[in-house]
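So the structure is just underneath, and the comments pick up after that.
The values are calculated or read from the model by the stated rules, or taken from the named source; none is laboratory data. Note that the structure is predicted; figures quoted are calculated from it, not measured. Cβ atoms come from the backbone with ideal geometry, glycine included; neighbour counts cover every protein chain shown. Areas reflect the complete protein model, heavy atoms only, side chains present, ligands, DNA and RNA absent. Shrake-Rupley method; radii C 1.70, N 1.55, O 1.52, S 1.80 Å.
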Amino acid sequence: MNIMDNNYVKVKISSFFIGLAISFSTFAQGPELADRMASARIIGGADADPNNWPFITYVKVGTESCGGSLIGDKYVLTAAHCVAEISVSDVNVYIGPNDRYDREPTKYEPARSYYIHSGYNVPKFANDIAIIELENTVTTPQITLATETEVNTLTTDSNLTVAGWGLTQEDGSSSNTLKEVTIPYVDKGTCQNIGGDYSNVGPYSLCAGKKNKDSCQGDSGGPLVIGEPGSYKQVGVVSWGDGCARKDKYGVYSNVGYFNTNGWIERNTSGVSHSPDILLKEKSGIYDDKIELRNLIPDDNFTHKLNVRSVELPQGVTLLNNNCSAELEYGEACTIDISIDASTVYANSDKATLKVLTDHQVSSELPISIVYSYEDRNATSYQSNNDSKDGGGSTSLAMMLLAMFGFGLRAKRQR
């Protein structure tokens with residue numbers, strides 16, 4: 001989808017000026033058109049039967065959007081770059097919609113939290129995976145996840161299917177309805193030999209696609225599956241690509257089997273609910289924050305108790321008060337109060353991670369990152385549209401240029 005993340009990207013100068021010219025026209029015609037132009041659709045595919053994709057989700061992230069898949073009664077799998085540096089209050093999920101402009105209000109679900117892989121690495125596009133925890137449980141059918149062994153059996157004869165609401169052409173129009181396309185698996189060696197960023201494709205990723213058939217911007221976070229409708233297994237999550245549907249420029253997907261087998265997905269869907277990453281917009285100053293932990297561990301009799309053993313703090317973070325010293329019954333929550341010295345935390349990196357250690361067999365270590373969020377994605381993406389709608393042209397040319405420059409850069413990269 002049209003995620004305006006902070007990823008570095010490489011794009012030709014001509015693409016920027018073309019995009020800039022289009023963007024000025026878009027602003028002149030209003031926010032709805034701007035939103036649709038920056039959104040994206042499947043390329044080379046056809047309308048999907050929504051009955052075959054009950055688990056697919058439309059993830060609304062502030063003024064932007066992504067795809068996702070329901071993998072538990074309150075968990076949605078998506079891409080890390082979809083929710084990175086976003087307030088959890090801005091994340092909402094629509095489950096199983098067909099028309100993205102006519103979603104049923106009853107399918108709207110707010111997010112309680114989200115969990116980004118602590119090894120998410122923008123320059124190498126590594127570990128681009130995240131889980132959104134919904135506020136409420138849902139009964140919609142879920143997608144089955146492939147194991148690493150099953151992904152390793154894929155060959156160039158394997159046909160995979162990807163669906164989403166992304167661009168139908170790299171610089172073209174979009175469709176309101178869910179699209180799908182069948183694409184071939186591409187072996188890792190062939191993908192890496194393209195060079196450039198593709199040379200960094202590691203065990204956490206897989207490649208698929210061919211000329212004129214691909215996912216594109218707007219499909220980010222959506223599911224790549226194998227099998228027949230009704231028995232799909234998810235093998236990938238839409239992550240990035242060099243353009244869309246170009247010859248020998250394949251789509252890259254986060255390898256679901258890799259994260260399923262190494263336990264990362266299970267650890268973040270076990271019912272140990274906690275606060276998402278802490279976002280700071282300054283690299284100096286002292287900030288107090290609060291981490292919440294809640295016991296939502298599934299148990300037939302709701303008798304599973306949770307204990308916090310300790311908290312491991314990075315340099316620059318001080319524990320003010322640990323209210324999680326008592327045993328948590330099902331549904332109970334507690335808080336851990338901390339103080340953050342930003343200049344110390346960010347002395348050597350834009351991210352530091354604290355860990356909450358529990359007695360849970362699966363989720364014994366809960367990493368929470370403190371991230372320097374130097375850009376308000378929603379503000380820089382379509383704030384000018386909102387200003388135009390409310391007041392009519394009050395946004396400065398400089399802000400418009402900044403927003404469109406961001407779009408020009410990122411539209412060719414992470415999807």
With +1 on the Cβ of every Lys and Arg and -1 on the Cβ of every Asp and Glu, and nothing else charged, how large is the dipole of region 270-371 about its Cα centre, in debye rounded to the nearest 20? 280 debye
If we sort 82-91, 308-317, 149-158 on the protection proxy, mean other Cβ atoms within 10 Å, highest first, what's the order? 82-91, 308-317, 149-158
Just to check I understand the Karplus step: with θ = phi - 60° and J = 6.51 cos²θ - 1.76 cosθ + 1.60, what whole-Hz values come out for region 332-344, glycine and proline as x? 7, 10, 9, 10, 10, 8, 10, 10, 10, 8, 4, 5, 7
Compute the label zone of E266 within region 55-79: residues whose backbone N is under 16 Å from the point 7 Å along Cα-to-Cβ. 72
Sites K211 and D73, calculated FRET efficiency, Cβ-Cβ separation with R0 41 Å, nearest 0.05: 0.55
For the ranges 190-201, 279-290, 349-360, what's the packing order if you count other beta-carbon atoms within 10 Å of each residue, average per peptide, and put the highest first? 349-360, 190-201, 279-290
For T57, distant residues with modelled amide H under 5 Å away: G68, S69, L70, G96
Is region 270-371 best put as rounded, prolate or oblate by its Cα gyration tensor, with a ≥ b ≥ c the root eigenvalues, rounded for a/c under 1.5, and otherwise prolate when a/b is larger than b/c, oblate when not? prolate
Skip the ligands, DNA and RNA, and give the accessible area per residue of region 108-150 with a 1.4 Å probe, whole Å². 41 Å²
Residues meeting the amide H criterion for S113 (H placed from the backbone, H to H distance under 5 Å, 5 or more places apart or on another chain) are E133
Along the Cα→Cβ direction, 7 angstrom out, place labels at S339 and N307. What is the inter-label distance in nm? 3.0 nm
Under the Karplus curve 6.51 cos²θ - 1.76 cosθ + 1.60, θ = phi - 60°, whole-Hz ³J(HN,Hα) for region 188-204, x wherever Gly or Pro sits: 4, x, 4, 5, 5, 5, 5, x, x, 5, 5, 5, 8, 4, x, x, 7
In terms of modelled amide H atoms, which long-range or inter-chain residues lie less than 5 Å from the amide H of I297? G331
By the Cα gyration tensor axes a ≥ b ≥ c (a/c under 1.5 gives rounded; else a/b larger than b/c gives prolate, otherwise oblate), the shape of region 49-143 is prolate
Could you tell me which of the pairs K281/K355; K60/K211; K124/K179; K283/K305; K124/K305 are separated by over 32 angstrom between their Cα atoms in the structure shown? K283/K305; K124/K305
Report the full-extension gain for the segment T149 to N200: residue separation times 0.36 nm, less the Cα-Cα distance, to one decimal in nm. 16.2 nm
